[in-house]
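Here the structure comes first, spelled out in structure tokens, and everything after it is commentary.
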Amino acid sequence: MKIEIDLPKQELILKDGTRVLKRYSVSTARRGAGEKNGSFCTPRGRHIVRARIGTGQPAGTVFVRRRPTGEVWTPDLDAKYPGRDWILTRILWLSGCETGKNRLGDVDTMRRYIYIHGSPESAEMGKPGSIGCVRMHNGDIVELFDLVPPYTEVEIRG
């Protein structure tokens, strides 16, 4: 199993060998590609799914610091916290595999808290909009989460 993320196409592809199993429209960083800490960009290169967080949580579960808050996202909750960067439903926490590019020092993907995660259904997919993470619709992240084990390879291109 392998995940490929195409930044220009804003697409996540799940593969088994060379066979495409699923394609998902995603939203990556508004500021584009980049590896530096504090850049608010999506890091490129080879990664792995280092942690899977949210097993069994209901769709729309709100996470802060990778822990469920007890809230479930609603438009009313969204209105109460305008501008909040919602991390919902499931988290696939990425770790870089290329020392000096996306691992260790000031380019460490894991220390930058870069995830593939759910987002409000109102979040637009297919165009950049995040602050570095890879956003997906909640139904899509639940499906992907259930298909990928820990240490699944993730290649981010663009």
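The values are calculated or read from the model by the stated rules, or taken from the named source; none is laboratory data. Since this is a predicted model, take the numbers as computed values, not measurements. Here the Cβ is made from the backbone with ideal geometry for all residues, glycine too, and neighbour counts use every protein chain on show. The protein model used for the area step is the full one, side chains on, heavy atoms only, and it has no ligands, DNA or RNA in it. Shrake-Rupley method; radii C 1.70, N 1.55, O 1.52, S 1.80 Å.
Scan the range 59-71 for residues that are part of a strand (DSSP E or B) and either among the small types (Gly, Ala, Ser) or open to solvent by 70 Å² or more (accessible area, probe 1.4 Å) (or both) and the total you get is 2. How many residues does the range 72-121 contain that are more than 14 Å from Arg135 (Cβ to Cβ), charged (D, E, K, R) and surrounded by fewer than 14 Cβ atoms within 10 Å (Cβ to Cβ)? Within the range 72-121, residues that are more than 14 Å from Arg135 (Cβ to Cβ), charged (D, E, K, R) and surrounded by fewer than 14 Cβ atoms within 10 Å (Cβ to Cβ) number 3. Go through the residues of the range 51-58 one by one and say whether even a single one is in contact with a strand residue (DSSP E or B) (Cβ under 9 Å, 6 or more places away or on another chain), within 19 Å of Met1 (Cβ to Cβ), open to solvent by 60 Å² or more (accessible area, probe 1.4 Å) and in a strand (DSSP E or B). Checking the range 51-58: at least one residue is in contact with a strand residue (DSSP E or B) (Cβ under 9 Å, 6 or more places away or on another chain), within 19 Å of Met1 (Cβ to Cβ), open to solvent by 60 Å² or more (accessible area, probe 1.4 Å) and in a strand (DSSP E or B). Of the residues that make up the range 125-146, is at least one among the charged types (D, E, K, R), in contact with a Cys (Cβ under 7 Å, 6 or more places away or on another chain) and open to solvent by 30 Å² or more (accessible area, probe 1.4 Å)? So far as the range 125-146 goes, no, none of its residues is among the charged types (D, E, K, R), in contact with a Cys (Cβ under 7 Å, 6 or more places away or on another chain) and open to solvent by 30 Å² or more (accessible area, probe 1.4 Å).
For the range 121-137, taking the residues that are over 13 Å from the mean Cα position of the chain (by Cα) and modelled with pLDDT of 95 or more, the one that is farthest from Glu35 (Cα to Cα) is identified as Glu124.
What's the total number of residues in the range 132-158 that are part of a loop (DSSP other than H, G, I, E, B) and small (Gly, Ala, Ser)? Step through it out loud before you land on a result.
Step one: of the range 132-158, the residues part of a loop (DSSP other than H, G, I, E, B) are 132-133, 148-152, 158.
Now drop any that are not small (Gly, Ala, Ser), which leaves 132, 158.
Adding up the residues that qualify gives 2.
Hey, can you tell me all the residues within the range 72-105 that are of a type in the set (Lys, Arg) and part of a helix (DSSP H, G or I)? Once the filter is applied, which keeps residues that are of a type in the set (Lys, Arg) and part of a helix (DSSP H, G or I), the range 72-105 yields only Lys80. Taken over the range 28-50, the criterion of being surrounded by fewer than 18 Cβ atoms within 10 Å (Cβ to Cβ) and either over 16 Å from Ile3 (Cβ atoms) or of a type in the set (Ser, Thr, Tyr) (or both) is satisfied by Arg30, Arg31, Gly32, Gly34, Lys36, Asn37, Gly38, Phe40. The set of residues from the range 1-50 being in contact with a Gly (Cβ under 7 Å, 6 or more places away or on another chain) and not in a strand (DSSP E or B) comprises Leu7, Pro8, Gln10, Arg30, Phe40, Cys41, Pro43, Arg44.
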